[in-house]
Amino acid sequence: MTAPLDGLKILDLTRILAGPTATQLLGDLGGEVIKIERPGEGDDTRRWGPPFVETKDGVKTAAYFHSANRNKRSVTVDISTAEGQQLLRDLASHCDILVENFKVGGLAKYGLDYPSLRALNEGLIYCSITGFGQTGPYAPRAGYDYLAQGMGGIMSLTGEPDGDPMKVGIGIADIMCGMYAVSAVLAALFHRTRTGRGQYIDLALLDTQVAWLTYEGLNYLTSGKEPVRQGSEHPNIVPYRVMPSSDGHFILAVGNDGQFRKFCEYAGCPELPDDPRYLTNSDRVLNRRSLYDRLFEITVTKPLDHWVQGLAALGVPCGPVNTLDRVFADPQVLERGMRLSMPYEAVAKGSIEMIGNPIKFSETEVTYRNAAPSVGADTDKVLTDILGLDETAIAALREKGAI
């Protein structure tokens, strides 16, 4: 099988997380990703450690960087030089997709904005990722995942009811923006197959965060009532939260009245589904505190395996709250290829541990061609393969500080 995006070229002018997440996924799907980095420095996240992956010659690169930069070729270009700007224009003219996350207007002064590059390549799909988008009063501001989580409302929904607002444990606004970017790029590719024309894509972290407020956002827009933080509970479903056992915690995710009755029969409290306070999910939502108080008394008396194995066998959704050591040893996670080891000759053990791509195709495949590259590892080869430059031309560029 071949990868679905095999043959497409992606010029990656992104760093940190949102953009690299998008371009890594495009690379997993078979696209040739050319990551542009600053000479001698590279992406800032190369230094965002510990922990670090250390090569045999002592170069340390943060695990954070490796998480979002596999299947890419690193080319160093000094964008502040005229020669470097021309190199990027030349590369863009040979590419299908360009993804960048500079500040609004940041690339126009180099002649690398969409109108300038579209004149060279009408089919170019140009995706800009910023904190607040290309328009609006906040457009000039720098944007970060943490700000998007706060300003976009998710922190007001996350955390215990009597605690402080809480960010999600990973940079989820960045990651979701990267996912939306890939969806937009694929849609633009489909449009290009029909028209031959590329287009400009404007994505913002804040827009993305607001978009995936989903049902909580609609709850507010429908009722006019501000939702409150509910910890691990669900605003619309009960019982649906982390439950205590005698030796750990498990998630109980009852989705309908029938599942609630099955749970209660297994838990030894068959009378609860007939209690007027708990007859329907709506009743249980209104009386959640008294129900949870009763259920906590019951579930804490039995071990974790009793609940997880017994309820799963009855078709009641449940599962353990795993720490990462349990996640990456879980037989289901391993069977699905979500933990993998990629060859990486630069390190002593010859391989690097990675998290797998969740997409499974029947006719095409996700590829793992190479681990994250060292800074500038592919500069000469890319300039030769794509632009046809010879050793003399490349040496001249290097002497001028362009690469």
- Task: Can you list which of the GluC sites (Glu not before Pro) found in the range 13-102 are DSSP loop residues with at most 14 other C-beta atoms within 10 Å?
- Result: GLU41
- Carbon and sulfur %, accessible surface of the chain computed with the full protein complex present, 1.4 Å: 55
- Message: Could you sort the peptides 340-346, 357-363, 250-256 by per-residue average Cβ neighbour count (10 Å cutoff), highest mean leading?
- Response: 250-256, 340-346, 357-363
- Gyration tensor (alpha-carbon) shape descriptor, the range 228-270, a/c threshold 1.5: oblate
- Note on the structure: In nanometres, the difference between 0.36 nm per residue of separation and the alpha-carbon distance of TYR220 and SER282 is 20.6 nm
- Query: Of LEU206, LEU26, LEU147, which has the largest mean-square fluctuation in a 10 Å C-alpha GNM of the chain?
  - Reply: LEU147
- Query: If you line up the long axis of helix 18-28 against the longest principal axis of the chain, both from Cα atoms, how many degrees apart are they, to the nearest 10?
  - Reply: 80
- Where the Cα atoms of the range 50-141 are projected onto their three principal axes, how long is each span, largest first, in whole Å? 45, 33, 24
- Query: How would you classify the range 198-353 from its alpha-carbon gyration tensor, with a ≥ b ≥ c the square roots of the eigenvalues: rounded for a/c under 1.5, else prolate if a/b is greater than b/c, otherwise oblate?
  - Reply: oblate
- Most mobile of THR130, THR195, THR158 in a GNM of the chain (Cα contacts under 10 Å): THR195
- Quick one: Cα centre-to-centre distance for the range 156-183 and the range 192-207, in angstrom? 25
- Note on the structure: Taking a straight Cα-to-Cα line shorter than 20 Å from LYS349, and setting aside same-chain lysines fewer than 8 residues away, one finds LYS56, LYS60
- Between the range 383-403 and the range 217-268, the alpha-carbon center distance in angstrom: 60
- Query: What does the charge add up to near ILE386, with Lys and Arg as +1, Asp and Glu as -1, over the other residues with Cβ less than 14 Å from its Cβ?
  - Reply: -3
- Residue-normalised accessible area of the chain, given per residue in Å² at a 1.4 Å probe: 50
- Item | C-alpha long axis of helix 257-267 to longest principal axis of the chain, angle in ° | 70
- Message: I need the P(r) histogram for the range 305-352: all alpha carbon pairs, bin width 10 Å from 0 out to the longest distance, whole percents.
- Response: 23, 33, 27, 10, 8
- Item | Over the range 207-283, relative contact order from alpha-carbon pairs under 8 Å, at least 6 apart, % | 17
- Set of aspartates and glutamates near LYS400 by C-alpha distance (under 18 Å), chain-local residues within fewer than 8 positions excluded: GLU37, GLU41, ASP78, GLU83, ASP90, ASP380, ASP390, GLU391
- Scoring the range 59-135 by relative contact order with C-alpha pairs under 8 Å, at least six apart, yields a percentage of 30
- Note on the structure: Between the Cα axis of helix 214-223 and the main Cα principal axis of the chain, the angle (0 to 90°, nearest 10) is 60
- Query: When only C-alpha pairs under 8 Å and at least 6 residues apart count, what is the relative contact order of the range 290-403, in percent?
  - Reply: 12
- Query: What do you get when you divide the Cα radius of gyration of the range 255-297 by 2.2 N^0.38 Å, with N the number of residues?
  - Reply: 1.01
- Task: Enumerate the lysines that LYS9 could reach by cross-link, defined here as Cα to Cα under 21 Å, with residues fewer than 8 away along the same chain left out.
- Result: LYS35, LYS72, LYS381
- Most mobile of ASP202, ASP96, ASP390 in a GNM of the chain (Cα contacts under 10 Å): ASP390
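The values are calculated or read from the model by the stated rules, or taken from the named source; none is laboratory data. Values in this document were obtained by computation on a predicted structure and should not be read as measured data. Positions of Cβ are generated from backbone atoms using ideal geometry, with glycine treated the same way; all protein chains shown enter the neighbour counts. The protein model used for the area step is the full one, side chains on, heavy atoms only, and it has no ligands, DNA or RNA in it. Shrake-Rupley method; radii C 1.70, N 1.55, O 1.52, S 1.80 Å.
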